[in-house]
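Below is one structure, written out as C-alpha cells; the observations come after it.
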Amino acid sequence: MLKKAFFTNSSGILFSRIFGFLRDLLTANILGAGILSDIFFAAFKFPNLFRRIFGEGAFAQSFLPSLIGAKRKSSFIVSTFLIFACSIFLLSLFVWFFSGFFTKILAYGFSEEKIFLARPIVVINFWYLELVFITTFLSALLQYKNIFWVNAYNTVLLNIFMILSLLIAKNYEGMQIVYLLSYGVLCGGVAQILLHFYPLYQAKYLKIFLVGCKDIFLFITKKSKNHAKKFYQESIKSFFKQFFPAMIGSSTAQIAAFIDTILASFLATGSISYLYYANRIFQLPLAIFAIAISTALFPTIARAIKNQEEEKAKNLLKQSFWFLMILLTLCTLGGILLKNEIIFLLYEHGNFLREHTLVTANVFAIYLLGLIPFGLAKIFSLWLYAHKKQGKAALISTISLGVGLICSVISMQFLEVYGLALASSISGFILFILTIKHFGIKNFFWIIASKKYFLLLTMLLILEFLILKTFLTFVHI
C-alpha cells in the first residue's frame with residue numbers, strides 16, 4: 001500500500017510539474033523577467049504559498065490524526081469545512097476592500113506606479129485561496145480512505161488552465177496578459193474542486209456530509225447543547241491546537257520563499273522573477289520525492305503511533321530515509337552540474353534572455369544546497385506530528401525561519417539575489433538539525449545504521465562536496 005501510494009503521489013506530482021514547467025516556459029517567453037512578471041509573481045505569491053502549505057501537508061498533518069481520533073467523524077468533517085471556508089471568504093473580502101495595503105505588504109519595495117498596477121491583480125489571485133482550501137480539504141478526506149491519486153493529479157488542472165490563458169494572452173499586450181493569466185488561476189481552481197466529486201461519491205462521503213450537516217443543525221438550534229459542548233472540546237478545539245503549529249511547522253521553505261519575494265522587491269528589477277523561476281525547479285525534486293513520500297507515509301505512521309506500534313513507525317522512517325537521501329543527493333549533484341543547461345532548455349526563449357539564464361542558474365544551484373536538509377526534515381517531522389507535537393514542530397520552524405531571515409537581510413547587502421537563495425539553504429540546515437534533535441539523536445543513529453547504503457552515500461557526498469566547492473568559488477561566495 002505504501003509503495004503504491006508513493007508512486008501514485010510521485011507520478012502525479014511529476015505530471016503536474018511537467019505542465020508547470022510548460023506554464024513557466026510560456027510565462028518566461030511572454031512576460032520575460034521584468035515589471036509584468038514581477039507584478040504577477042508578487043500577486044500570485046501568497047495564494048501559491050497558501051496552496052503549497054495546505055496542499056503539501058500542513059492541513060492533512062493535523063486534520064488526519066484528529067479525524068482518526070474523532071468519535072463523531074461526520075460532525076467533525078462538516079464543522080471544520082464550514083469554519084475554514086467562511087473564514088477564508090471573509091479574509092478575501094477584506095483584501096478586496098483594502099487591496100492597496102495588502103499589495104504594499106506583498107511587494108513593499110515596489111514603486112507607487114507598480115503598486116497601482118498590481119492592486120487588482122492581487123485581489124483576483126487572492127480569491128484562489130478559497131478554491132485551494134476546498135481542494136485540499138476534499139483531498140484530505142480521500143487520503144483518509146487511502147485514495148491518493150486525486151490529490152496527486154489535481155494540480156495538473158491549475159497548470160493546464162494557466163497554460164491556456166497564456167496561449168490566449170499571446171495576442172494581447174502589457175497588463176492584459178497579467179489579467180488573463182490571473183483569471184486562468186481561478187478557472188484552474190474551480191476545475192481542481194470538480195475533479196474530487198466522483199471519487200468522493202465512490203467513497204460514500206455524501207451520506208457522511210448529510211449526517212454531519214444534520215448534527216451541526218442540532219448543535220446550532222441548541223437541541224443537543226451538551227453534545228455540542230463535548231464535541232467542541234474533544235474534536236474542534238483539539239484540532240485547532242494542532243493545526244496552527246502544524247501550518248507553521250510545515251511551511252519553512254514556502255514562507256522563506258515568500259519573504260525572499262518581499263526582500264527581492266528592494267533589489268534590481270527581475271530579482272523576484274529570478275527567485276521564482278529558480279525556486280520552481282528546486283521544488284521539483286522536493287515535491288516528487290520528499291513530499292510524495294511524506295504524504296504517503298503519514299497516514300500509516302499516524303495509525304502506528306496511535307496503536308502504540310512505534311517500532312513499525314521507525315522501520316518505515318528508516319526505509320524512507322535511505323531512499324530519499326540517495327535520491328536527493330543525486331538530484332543535488334546533477335542539478336549543480338547541469339544548472340545552465342537546465343535553465344537554458346526550460347526558460348531561454350522569447351523575452352527571457354541569456355543574461356537571465358545565467359543569473360537564474362546560479363540562484364537555482366544555491367537553492368540546491370538546501371535540498372537534502374529540507375527534504376529529510378519533511379519525513380522526520382512526521383514523527384512529531386503523529387505524536388501531536390505540532391507545537392515543537394512550529395518552534396523548530398520559527399527558529400529556522402528567524403535564522404534564515406537574519407541571513408537574508410545581511411547577505412543580500414553583499415550578494416544581492418544570490419544572498420537570498422543562500423539564506424534559504426542555511427535555514428534548511430537549521431530546520432533539519434533541530435528536527436533531528438527532537439526526533440532523538442539515538443533514534444537517528446539507529447535510522448542511519450546501514451552499512452549497505454553508507455559507503456555509497458559517503459562517495460556521493462564527497463563528490464558533491466567537490467562540485468559545491470568549485471561552484472561556490474566560481475560565484476565568489
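A few remarks follow.
- Among residues of region 144-155, those that are assigned to a helix (DSSP H, G or I) and either free of Cβ contacts under 8 Å to residues at least 12 places away in the same chain or open to solvent by 10 Å² or more (accessible area, probe 1.4 Å) (or both), counted: 5
- Failed condition for Gly335, given (1) under 22 Å from the mean Cα position of the chain (by Cα); (2) at pLDDT below 85: (2)
- Per the listing Phe321, Phe289, Phe282, the residue uniquely closer than 28 Å to Trp149 by Cβ, open to solvent by 10 Å² or more (accessible area, probe 1.4 Å) and either assigned to a helix (DSSP H, G or I) or not charged (D, E, K, R) (or both) is Phe289.
- When Phe344 is tested against (1) buried (at least 20 other Cβ atoms within 10 Å of the Cβ); (2) part of a helix (DSSP H, G or I), exactly one condition is not met: (1).
- Condition met for Asn351 (assigned to a helix (DSSP H, G or I) and surrounded by fewer than 21 Cβ atoms within 10 Å (Cβ to Cβ)): no
- Residues of region 389-411 include none that is buried (at least 24 other Cβ atoms within 10 Å of the Cβ), out of contact with any Gly (no Cβ under 6 Å at 6 or more places or on another chain) and without any contact (Cβ under 8 Å) to a residue 60 or more places away in the chain.
- A search for C-beta distances below 6 Å between a residue of region 66-77 that is within 21 Å of Gln390 (Cα to Cα) and any residue that is surrounded by fewer than 20 Cβ atoms within 10 Å (Cβ to Cβ) and not aliphatic (A, V, I, L, M), counting only pairs 6+ apart in sequence or on different chains, returns Leu67/Tyr144.
- When the test is whether a residue is open to solvent by less than 20 Å² (accessible area, probe 1.4 Å) and under 25 Å from the mean Cα position of the chain (by Cα), Ala70 does not pass it.
- Filter result for Ala191 (of a type in the set (A, V, I, L, M), part of a helix (DSSP H, G or I), under 21 Å from Ala43 (Cβ atoms) and open to solvent by 10 Å² or more (accessible area, probe 1.4 Å)): yes
- The residues on offer are Tyr172, Tyr198, and the sole one that is open to solvent by 10 Å² or more (accessible area, probe 1.4 Å), part of a helix (DSSP H, G or I) and of a type outside the set (Val, Ile, Thr) is Tyr198.
- When Phe89, Phe63, Phe76, Phe116 are screened for being more than 30 Å from Ile236 (Cα to Cα), assigned to a helix (DSSP H, G or I) and modelled with pLDDT of 75 or more, only Phe116 passes.
- Residues of region 86-112 that turn out to be surrounded by 14 or more Cβ atoms within 10 Å (Cβ to Cβ), among the small types (Gly, Ala, Ser) and closer than 30 Å to Lys214 by Cβ, as a count: 1
- Pairs with Cβ under 8 Å, 6+ apart, first in region 108-134 and over 16 Å from Phe40 (Cβ atoms), second of a type in the set (Val, Ile, Thr) and modelled with pLDDT of 85 or more: Leu129/Ile88; Glu130/Ile88; Leu131/Val190; Leu131/Ile193; Phe133/Ile88; Ile134/Ile193
- Remark: pairs (first residue in region 266-277, modelled with pLDDT under 80; second residue crowded, with 20+ Cβ neighbours inside 10 Å and assigned to a loop (DSSP other than H, G, I, E, B); Cβ separation under 9 Å; 6+ apart in sequence or on different chains) = Thr269/Ala33; Gly270/Ala33.
- Restricting Asn151, Asn159, Asn125 to residues that are closer than 23 Å to Lys73 by Cβ and either in contact with a helix residue (DSSP H, G or I) (Cβ under 9 Å, 6 or more places away or on another chain) or of a type outside the set (Val, Ile, Thr) (or both) narrows the list to Asn151.
- Take the conditions (1) touching a helix residue (DSSP H, G or I) at 6+ places or on another chain (Cβ under 9 Å); (2) more than 30 Å from Val78 (Cβ to Cβ); (3) surrounded by fewer than 22 Cβ atoms within 10 Å (Cβ to Cβ); Ile177 misses just one of them, which is (3).
The values are calculated or read from the model by the stated rules, or taken from the named source; none is laboratory data. This is a predicted model, so every value here is computed, not measured. All Cβ positions, even for glycine, are placed from backbone atoms using ideal geometry, and neighbour counts span all protein chains on display. To get the accessible areas, we keep the full protein, side chains included, count just its heavy atoms, and leave off ligands, DNA and RNA. Shrake-Rupley method; radii C 1.70, N 1.55, O 1.52, S 1.80 Å.
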